[in-house]
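Down below is the structure, laid out as structure tokens.
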Amino acid sequence: MARIAVIGAGMGAMAAAARLAVAGHRVVVYERGRTHGGGVGLFERDGFRFDTGPGLLRLPAVYRDLFVKTGKETLEQTVRLTQVDPAVRHLFADGTDVALPNASRAGVLQALDGAFGAGAGERWSDLVNRAREAWDATRRPLLEEPLRADWRALGSDPYPAAAPARRGWFGGLFARGGGRPRVPSLAEVA
């Protein structure tokens with residue numbers, strides 16, 4: 001096993017350090033700030049507390065997986081998670097105010113339609129569904145498995161038996177033969 005230095009103590013760096021340590025490496029984390037957490041911080045003044053970074057825990061499953069694979073306790077045993085509603089509120093320069101509810105996809109569609117017109121929620125839903133396909137196809141080979149020395153392995157499906165039937169443009173991510181599939185522009189996807 002190796003001696004590894006991790007520069008910075010943000011969430012990603014700490015997750016990498018924990019996974020490397022569990023794998024048997026000797027890990028040292030260096031941070032120039034006063035504390036760990038990176039962009040996740042807290043500022044207090046006159047009895048008020050402000051998040052200085054993300055106030056929401058996106059993709060809690062990623063953190064649950066990290067805690068299960070690197071710790072003795074689950075995420076929920078280590079920290080208190082509190083669902084908030086609305087999950088987020090967006091205030092745009094033109095005065096448009098959109099509050100998106102937590103844990104209600106139908107509520108999000110309704111809020112988007114109300115703020116941006118009929119069909120906006122459905123367009124958002126289509127985008128989220130395509131993002132889900134990208135997540136499902138890339139999560140294991142790119143985030144959960146060690147990267148292989150042979151980068152050509154990324155050109156083929158590493159889990160052909162487990163791959164769901166892929167549809168639409170994204171089905172070409174791990175396409176075999178027949179040339180490269182057409183990849184849409186960001187504008188087409190959005």
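The values are calculated or read from the model by the stated rules, or taken from the named source; none is laboratory data. Quick caveat: nothing in here was measured; it's all calculated off a predicted structure. Glycine also receives a Cβ, built like all others from the backbone with ideal geometry; neighbour counts cover every protein chain displayed. SASA here: full protein model, heavy atoms, side chains in, ligands and nucleic acids out. Shrake-Rupley method; radii C 1.70, N 1.55, O 1.52, S 1.80 Å.
A few remarks follow.
- Test: residue in region 173-180 that is among the aromatic types (Phe, Trp, Tyr), exposed (fewer than 10 other Cβ atoms within 10 Å of the Cβ), modelled with pLDDT under 80 and farther than 22 Å from Tyr63 by Cα: no
- Cβ-Cβ distances below 9 Å connect the following pairs, each with a first residue in region 1-13 that is open to solvent by 90 Å² or more (accessible area, probe 1.4 Å), a second residue that is among the aromatic types (Phe, Trp, Tyr), and a separation of six or more residues or different chains: Ile7/Tyr30.
- On inspection, Gln77 fails the criterion of being touching a residue at least 12 places away in the same chain (Cβ under 8 Å), open to solvent by 50 Å² or more (accessible area, probe 1.4 Å), among the polar types (S, T, N, Q) and under 30 Å from Ala16 (Cα atoms).
- Subset of region 100-127 (residues that are open to solvent by 50 Å² or more (accessible area, probe 1.4 Å) and either touching a Phe, Trp or Tyr at 6+ places or on another chain (Cβ under 9 Å) or not polar (S, T, N, Q) (or both)): Ala103, Arg105, Ala106, Asp113, Gly114, Phe116, Ala118, Glu122, Arg123, Trp124, Asp126, Leu127
- From the list Val88, Val62, the lone residue that is within 14 Å of Met11 (Cβ to Cβ) and surrounded by 12 or more Cβ atoms within 10 Å (Cβ to Cβ) is Val62.
- Some residue of region 42-50 being under 19 Å from the mean Cα position of the chain (by Cα) and open to solvent by less than 100 Å² (accessible area, probe 1.4 Å): no
- Residue identified as outside any helix (DSSP H, G or I) and among the aliphatic types (A, V, I, L, M) among Val84, Val68: Val84
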